[in-house]
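Below you'll find the structure, written out as structure tokens, and then a few comments.
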Amino acid sequence: MIRLENISKHNGHRILFLESSAALNRGEKVGLVGPNGAGKTTLFRMITGEELPDTGQVSVEKQVSIGYFSQDVGEMAGRSAVAEVMDGAGPVSDVAKELASLEEAMADPDQADRMDAIIERYGEVQARFDELGGYELEGRAREVLAGLSFSQEMMDKDVGALSGGWKMRVALGRILLMKPDAMLLDEPSNHLDIESLIWLEGFLKGYDGALLMTSHDREFMNRIVNKIIEIDGGSLTSYSGDYSFYEQQRALNEKQQQAQFERQQAMLAKEIKFIERFKARASHAAQVQSRVKKLDKIDRVEPPKRRQTVLFEFPAAPRSGDDVAVLRNVHKGYGSRTIYQGFDFTIRRKERWCVMGVNGAGKSTLLKLIAGVDRPDAGTVNVGASVKMGYFSQHAMELLDGEQTVFEALESAFPQAGQGSLRALAGCFGFSGDDVEKRCRVLSGGEKARLVMAIMLYNPPNFLVLDEPTNHLDLDTKQMLISALAAYEGTMLFVSHDRHFLAALSNRVLELTPDGIHQYGGGYTEYVAHTGQEAPGLHS
């Protein structure tokens, strides 16, 4: 259906692909993986024809329609969200536009002399619109937007008034409604809450076209894909199976290649030793010559290319008192909307609470109240003795000084620290080499999140309050953070839509629902088993 044959592609001095081949076949659901900057987005752009390979060929079967969702959604304004989504529905949206212009013409007195022709054309276009399922289109568009957590009010609102994250959902909705033969989705799970993620998972499982996608959410990828294509060091390697299978297979291949490399090195050392020992002796000349020829012909086994993964270890945080935060009879609302009414909640030392709830349930509000960023309308919020808090929110990323470099931001946060330890810290959070010289204003969302996290964790608090800490983080950084936080001995309160993160780190669940607030003694995995749902109101 889509074939990449012996493609090579350079980006400046960097080789992205070198005589690489891969295929996307009908019905396949493929996860595209590789380190940041490996060329995943370039691969998408070559398939859509936005870029060409330097050599080799990208071929797409005739009549195959492709829908491409990228993070760069462009300008959107002047239409409602539902109209914007319907506009992407392929031929039917063109027919809808003609239908609307004919309706305008029929109501225009200046067009009276052409009315018979307009009415005749209107009949033809209306029949075509009906044939293409146009009358169900708006219903389907609203269904897709509802799945992506839009309220009816937001669907009818000018898309220009929406934030960047919601515009992303509109752009994604356009592709989903279009249902092309092949979907290319570049990070569709970014900007989605857990409810939308689970809905999208179900939608993509039921989609019968070919799918090629990247995602920083391993759970999401595991449940959808049946094949992985890995980009690494210029080559494309295909693995049959989900992301977990790929990880196991990759580790096994590395182990086998390392063993093969070591065996060959031992054999070569032995041969070279023999040659060195006997090369001056005439009696062994024939044997030496034969071994030299043998060495020249041997195909050398390369050692496995190991991805650099740097682990971050927490310095020990000071011990806090047993009661870390206590909320008593808290009332909180915004305008006419009540969030909490008489809410009591206690967080004790070493507890790791994940907060679950639909959009608007009050998850971020709770974190802000405890962090002291917001105040209750009534009741008390007390943070315990010897508690040193670290609060991570999306807003914290906006507070970085755009003119400072990454390294200067670390230096100004820790003026007493040595250059070596700050460079090591930067490396742990994905800033290696020249990356530390980047100015904060040019950093991507993921880079800003990593920098804020690095500053917060270097001199660790004993109480971490984290609002969506994994937004924008790639799979490797996310895994590093999970490993580091698993070893962290302090207390945690966090909101996340990443189910791997939730399952790995929580030992308590606070669920905010319209029917009341529920507390569960076990972590997220126990919560799913107990309630039969992965998020409030969504049954698995």
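The set of residues in segment 331-348 being in a strand (DSSP E or B) and farther than 23 Å from Lys388 by Cβ consists of His331, Lys332, Gly333, Tyr334, Arg337, Thr338, Ile339, Tyr340, Gln341, Gly342, Phe343, Asp344.
For segment 43-66, a tally of residues being in contact with a Lys or Arg (Cβ under 8 Å, 6 or more places away or on another chain) and either crowded, with 19+ Cβ neighbours inside 10 Å or more than 20 Å from Asn6 (Cβ to Cβ) (or both) returns 2. Residues that are at pLDDT below 95 and assigned to a strand (DSSP E or B) were ranked within segment 349-369; the one that is surrounded by the most Cβ atoms within 10 Å (Cβ to Cβ) is Met356.
Among the residues making up segment 399-427, a single one is surrounded by fewer than 15 Cβ atoms within 10 Å (Cβ to Cβ) and under 26 Å from Ser496 (Cβ atoms): Leu399. Scanning segment 274-301 for residues that are modelled with pLDDT under 85 and either hydroxyl-bearing (Ser, Thr, Tyr) or within 30 Å of Glu230 (Cβ to Cβ) (or both) yields a count of 1.
Which residues, taken from segment 425-441, are of a type in the set (Gly, Ala, Ser), assigned to a helix (DSSP H, G or I) and touching a residue at least 60 places away in the same chain (Cβ under 8 Å)? Walk me through it before giving the result.
To start, the set of residues in segment 425-441 that are of a type in the set (Gly, Ala, Ser) comprises 426-427, 430, 432-433.
From what's left, assigned to a helix (DSSP H, G or I): 426-427, 433.
Gly427, the sole residue that qualifies.
Within segment 349-375, residues that are at positive phi reach no partner that is assigned to a loop (DSSP other than H, G, I, E, B) and polar (S, T, N, Q) with beta carbons closer than 8 Å at six or more positions or on different chains.
Within segment 281-302, how many residues are part of a loop (DSSP other than H, G, I, E, B) and more than 18 Å from Ala269 (Cβ to Cβ)?
Narrowing segment 281-302 to residues part of a loop (DSSP other than H, G, I, E, B): 281, 298-302.
Next, from what is left, pick out any that are more than 18 Å from Ala269 (Cβ to Cβ): 281.
Within segment 281-302, residues that are part of a loop (DSSP other than H, G, I, E, B) and more than 18 Å from Ala269 (Cβ to Cβ) number 1.
For the residues Met213, Met221, the requirement of being surrounded by 15 or more Cβ atoms within 10 Å (Cβ to Cβ), assigned to a helix (DSSP H, G or I) and under 22 Å from the mean Cα position of the chain (by Cα) singles out Met221.
The set of residues in segment 470-491 being modelled with pLDDT of 85 or more and among the acidic types (Asp, Glu) consists of Glu489 alone. Of all residues in segment 65-83, those that are closer than 21 Å to Leu184 by Cα have Cβ atoms under 8 Å from Cβ atoms of residues that are in a loop (DSSP other than H, G, I, E, B) and of a type in the set (A, V, I, L, M), 6 or more apart or on another chain, in Met76/Leu162. Ser196 passes every criterion in (1) among the small types (Gly, Ala, Ser); (2) within 13 Å of the chain's Cα centre (by Cα); (3) farther than 23 Å from Ser65 by Cα apart from (2).
In summary, Leu211 fulfils each of the numbered conditions (1) in contact with a helix residue (DSSP H, G or I) (Cβ under 8 Å, 6 or more places away or on another chain); (2) within 19 Å of Asn36 (Cα to Cα); (3) of a type in the set (A, V, I, L, M) with the single exception of condition (2). Looking only at residues that are surrounded by 13 or more Cβ atoms within 10 Å (Cβ to Cβ) and of a type outside the set (Lys, Arg) in segment 245-256, which one is farthest from Val225 (Cα to Cα)? Only one residue fits best here, namely Glu254. Going residue by residue through segment 380-398, is there one that turns out to be modelled with pLDDT of 85 or more, more than 28 Å from the chain's Cα centre (by Cα), buried (at least 16 other Cβ atoms within 10 Å of the Cβ) and at positive phi? No, segment 380-398 contains no residue that is modelled with pLDDT of 85 or more, more than 28 Å from the chain's Cα centre (by Cα), buried (at least 16 other Cβ atoms within 10 Å of the Cβ) and at positive phi. Scanning segment 334-348 for residues that are modelled with pLDDT under 95, under 32 Å from the mean Cα position of the chain (by Cα) and either among the small types (Gly, Ala, Ser) or surrounded by 15 or more Cβ atoms within 10 Å (Cβ to Cβ) (or both) yields Ile339, Tyr340.
Only one of Met183, Met221, Met213 is of a type outside the set (S, T, N, Q) and within 16 Å of Val144 (Cα to Cα). Can you tell me which?
Working: Met221 fails: within 16 Å of Val144 (Cα to Cα); Met213 fails: within 16 Å of Val144 (Cα to Cα).
Answer to the check: Met183.
Give segment 168-210 a look and list any residue that's assigned to a strand (DSSP E or B), in contact with a Phe, Trp or Tyr (Cβ under 6 Å, 6 or more places away or on another chain) and surrounded by 21 or more Cβ atoms within 10 Å (Cβ to Cβ), or say none. Show your work before the answer.
At the first step, the residues of segment 168-210 found to be assigned to a strand (DSSP E or B) are 182-186, 210.
Subsequent filtering for residues that are in contact with a Phe, Trp or Tyr (Cβ under 6 Å, 6 or more places away or on another chain) retains 184-186.
Those that are assigned to a strand (DSSP E or B), in contact with a Phe, Trp or Tyr (Cβ under 6 Å, 6 or more places away or on another chain) and surrounded by 21 or more Cβ atoms within 10 Å (Cβ to Cβ): Leu184, Leu185.
Just checking, does segment 70-82 include any residue being under 15 Å from His10 (Cα atoms), modelled with pLDDT of 85 or more and surrounded by fewer than 20 Cβ atoms within 10 Å (Cβ to Cβ)? No, that holds for no residue.
The values are calculated or read from the model by the stated rules, or taken from the named source; none is laboratory data. None of the values given here were measured: they were computed from a predicted structure. A quick note on method: Cβ atoms are made from the backbone with ideal geometry, for glycine too, and the neighbour counts reach across all protein chains shown.
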